[in-house]
Amino acid sequence: MKIHCIAILGRHGNPIYLRNYDAHEDDVKYHYMAHTSLDIIDARLAQPTSSYLGHLQTVGDLSVYGYITNTNVKIMVVSSASNESPSVRSSQMRHVCECVHAAYVALVCNPFNERREEDRVQSERFDMVVEKLGQLTE
């Protein structure tokens, strides 16, 4: 399993963060995939079960997985489709989403962080955490 992108969208669908691991693809492709997943997330929220929303959609050979926080911030992970069993893959994606969420909470709750929750994430520490997550799954 290879992660191609991790995206975070605010409660109103505004892009907060996007980390593209694929040097051959433009960020616009992953912005598009994240925004097209918002409708699916809204449909899943009609019957909420947990923060991890699971597999949202497949576009070509890429799969999008979703996670929503208590404040309606959406975390999406775009990965390549693989032959792994769905339960193993889902547990790996859940772990990635939970790690991104924990790093995001640490950033937002930092009293020295002057940016509000709706602003774009600009933090070297957050970037390092997300970079390591992308390298672990290759």
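The values are calculated or read from the model by the stated rules, or taken from the named source; none is laboratory data. Since the structure is predicted, the reported quantities are computational estimates derived from the model, not experimental observations. Using ideal geometry, Cβ is built from the backbone for each residue, glycine included, and neighbour counts are taken over all protein chains shown. Each accessible area value is taken on the protein alone, full model and side chains, heavy atoms only, with ligands, DNA and RNA left out. Shrake-Rupley method; radii C 1.70, N 1.55, O 1.52, S 1.80 Å.
Taking the alpha-carbon set of region 1-133, what are its Rg and Dmax in Å?
14.0, 44
Quickly estimate the mean residue ellipticity at 222 nm for the chain, helices only: each DSSP H run with n ≥ 4 gives -39500 (n - 2.57), and the total goes over all residues, rounded to 500.
Helix contribution divided over all residues of the chain: -13000 deg cm²/dmol.
For residue 56, enumerate residues with amide H under 5 Å from its amide H, sequence gap 5+ or separate chain, H modeled in the peptide plane.
Close amide H contacts, sequence-distant or interchain: 64, 65, 66.
Rounded to the nearest 0.05, what FRET efficiency do residue 81 and residue 31 give with R0 = 25 Å and r taken as the Cβ-Cβ distance? Could you check?
Numbers: r = 20 Å, r/R0 = 0.81.
With a Förster radius of 25 Å, E is 0.80.
Quick one: among 105, 77, 64, which has the greatest mean-square fluctuation in a GNM of the chain with alpha-carbon springs under 10 angstrom?
Of 105, 77, 64, the most mobile in the Gaussian network model is 105.
From the protein chains alone at 1.4 Å, what is the descending order of accessible area for 99, 109, 5, largest first?
Working: 99 40, 109 95, 5 0 Å².
Final ranking, largest accessible area leading: 109, 99, 5.
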